[in-house]
1. Can you send over the solvent-accessible area of Glu332, 1.4 Å probe, protein chains only, in Å² to the nearest 10?
2. Note down the net charge around Val553, summing +1 for each Lys or Arg and -1 for each Asp or Glu among other residues with Cβ under 11 Å from its Cβ.
3. Using only the Cα atoms of the range 558-623, build the gyration tensor, take square roots of its eigenvalues as a ≥ b ≥ c, and label the shape rounded, prolate or oblate: rounded if a/c is under 1.5, else prolate if a/b is larger than b/c, else oblate.
4. Give me a comma-separated list of calculated 3J(HN,Hα) values for the range 43-50, in order, Karplus coefficients 6.51, -1.76, 1.60 applied at θ = phi - 60°, integers in Hz, x for any Gly or Pro.
5. Based on the Cβ-Cβ distance from Ala178 to Asp657, what FRET efficiency comes out when R0 is 45 Å, to the nearest 0.05?
6. Taking a virtual spin label 7 Å from the Cα of Asp160 along the C-beta vector, which residues in the range 221-239 bring their backbone nitrogen under 16 Å of it?
7. What would the Debye equation give as log₁₀ I(q)/I(0) for the range 493-649 at q = 0.18 Å⁻¹, counting only Cα atoms as equal point scatterers?
8. Just reorder His135, His602, His671 by solvent-accessible area, largest first, 1.4 Å probe, all chains present.
Amino acid sequence: MPETGDPDHLPGHASAAVPDALRAAARGLVVAIDGPAGSGKSTVAAAVAARLGARHLDTGAVYRAIALACLRAGVLPTDGPGCAAVAGRVAIGQADGRTALDGEDVEEEIRGPVVTAAVSAVSAHPGVRAALLGHQRSLAADGAVVEGRDIGTVVLPDADLKIFLTADPGERARRRAAQSGRDAEEVAAEQEARDRADASREVAPLRAAPDAWTLDTTGMTLAEVVDAVEARALGLAADRSASGPVPGGTRLPRVAVVGRPNVGKSTLVNRIIRERRTIVEAVPGVTRDRTEHRAEHAGVGFVLVDTGGWERRPGDEITGSAVAQTEAAVAEADVVVQLVDGATGVHDDDQAVARLLRRRDVPVLLAVNKVDREADLPEAGGFVRLGLGAPVAVSARNGRGLDDLLDAVVAAVRTVPGEGSAVVAAPETPRVAIVGKPNVGKSSLLNRLLGTERAVVAATPHTTRDAVDARVELDGREWVLVDTAGLRRRYRAGEDLETYAVDRTRAAVDRADVAMFVIDASEPIGAQDQRLAALLRDAGCGLVVVVNKWDLVDEERRLDLERELDRLLPFAAWAPRVNVSAASGRGVGRLAPALGTALAAHRRRVPTAVLNALVARAVEEHAPARAGRRPVRIRYAVQVAVGPPTILLFANGPIDDAWRRYLERRLREEHDLTGTPVVIEERGRGGAGAAPGSRTPRGGREGR
């Protein structure tokens, strides 16, 4: 193992396979690296610290600097009290891999033969060690990679990870000779004498701590040693990760924005929440379902509800359902904002909405939209005849008057008794995306699970356009269900409305912990289903296959469906399947246990020791294919992420796809991973990141 090398350019540096959260957890560890002279402690510690982005403390250099200070002061290395006095009055500093003595850079001098010959005697004095012990412990308190002899036994006996590096004496001498440019035989003789002195000294003789991991580096390259130590640190950090308790939901006031079609409700909602979360189009009737979004102004939080357009005379099934959704939003709201169009004046439907709101015992605010210029203000005054008080003039398009409206909303919210009617799910609450092609019954399934008509349902395809979030408790567990728009095979040019819906569906899947993939049992599985299956596979979320309309198919169709699932969706063989009828409720009660199974597997962590034992058995029973002329050796395995479970293998060469599939099967046989994909990546001598053909997890989540 060479003693030199830039750790920032070591093979495998800063692997993309290791999530930032896990690397941050590893940075908080205290890693103590011990070993005899020439074992590579300094080089390995510096490289591991660079990998993890952690602090590197070279305690050996500190003792060398004290030895140099003693020599400069004319104090013999064997003079214990004299050396202790020197240690107590000098200042030692370390930065950027350099060591300073009283402000002077002495890095090269302390590595010379004179200091090397004296340091063992100096460091053996109890007074010297006592003078430096507290300082070293304080430097490592918040996490660091610390190296030096006796670091794991004396200086940091409570270190999180202790590693004792060793190697054949001849190889250690060759490394030190190559580093210093000296004669190898001379270095070997000097090293032998130093080993004897270190092993026989009365105070803290050189030995491995009882709980240290001994790593024989003979024949290993620097990159291989650093990989091995980094893997141990990551494994320990992963094993210590814990999700912690999940807090319950928070109650906030609910503020509903209502009005007739195309007055700018969705534009206003997007402006307030500072995101384009709701679909905005120039045609009326785009918003059908009511959608809820968390918002805040002046430190006051509330839930903002976007609603469909209210029309006095609904013209079709969808419009009628959208009006019912709006009326339900008004009934549940703590504060209502009626939005009107300042460019068109008072409309009959504006008056109908106002009459409805005047009967409600809740604060109602009137906002006049599309007042883009100062000259438009007089027109806003005419809306006072709606009987809802003084109107607030706003422009949802450019933000004019928005602060005035939000000030009024906050003032109204503060009058709401209690905590408010909206229960906002905690950020840790698992999210379930309901995904499927158009008209397979996604919204019907959502309504069935919620026990209320939360989403608009109609026989017309593409009824759902926004991704509709809804909090629900199933079998005593809180979930956020997300109804999504159905994806067609292709869209015609210029269909922005459909494009927005597709984007929201993809975003909902990316944010989901688990997806319910809804299939229509009465229709053959086709290209649209397969396209959605690929989207779910690449997202890396958990999966439950829901076969809807099961009550509408005969025995022959059920047999055909089994064959289609095996042939067209083979990747989802690990996903639980539930046959349901959203219309009648048949089988819906089995969804909650299936979701719980998939979520638990998606968040499952295999302890590092158990994982390595499994990998060792797998290699023994069926070794990976050779890489050229040499066998592929897997040195270590660590689970670097959950959500989905992501395994990183440290190997000396590329691992073929067939063996990764074999290992996945073994993992599934020994650990319950039903309902989740498993990602297996490798880090070999050729570099970092995923191996060819492996999937990169979507930001695997630590402790979630």
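1. Rounded to the nearest 10, that gives 70 Å².
2. Working: positive: Lys549, Arg557, Arg558; negative: Asp520, Glu523, Asp551, Asp554, Glu555, Glu556, Asp560.
Its environment carries a net charge of -4.
3. Values: a/c = 5.13, a/b = 1.77, b/c = 2.90.
Taking the square roots of the gyration eigenvalues as a ≥ b ≥ c, the range 558-623 is oblate.
4. 5, 5, 4, 4, 5, 5, 4, 5
5. Details: r = 39 Å, r/R0 = 0.88.
That pair, Ala178 with Asp657, gives E of 0.70.
6. Counting only backbone N, you get 229-239.
7. At q = 0.18 Å⁻¹ the computed log10 ratios are -1.14.
8. Working: His135 90, His602 0, His671 40 Å².
I get His135, His671, His602, largest accessible area first.
The values are calculated or read from the model by the stated rules, or taken from the named source; none is laboratory data. This one's a predicted model, so the numbers in the text were calculated from it and none came from an experiment. Cβ atoms come from the backbone with ideal geometry, glycine included; neighbour counts cover every protein chain shown. Calculation scope for accessible area: heavy atoms of the full protein, side chains included, ligands and nucleic acids excluded. Shrake-Rupley method; radii C 1.70, N 1.55, O 1.52, S 1.80 Å.
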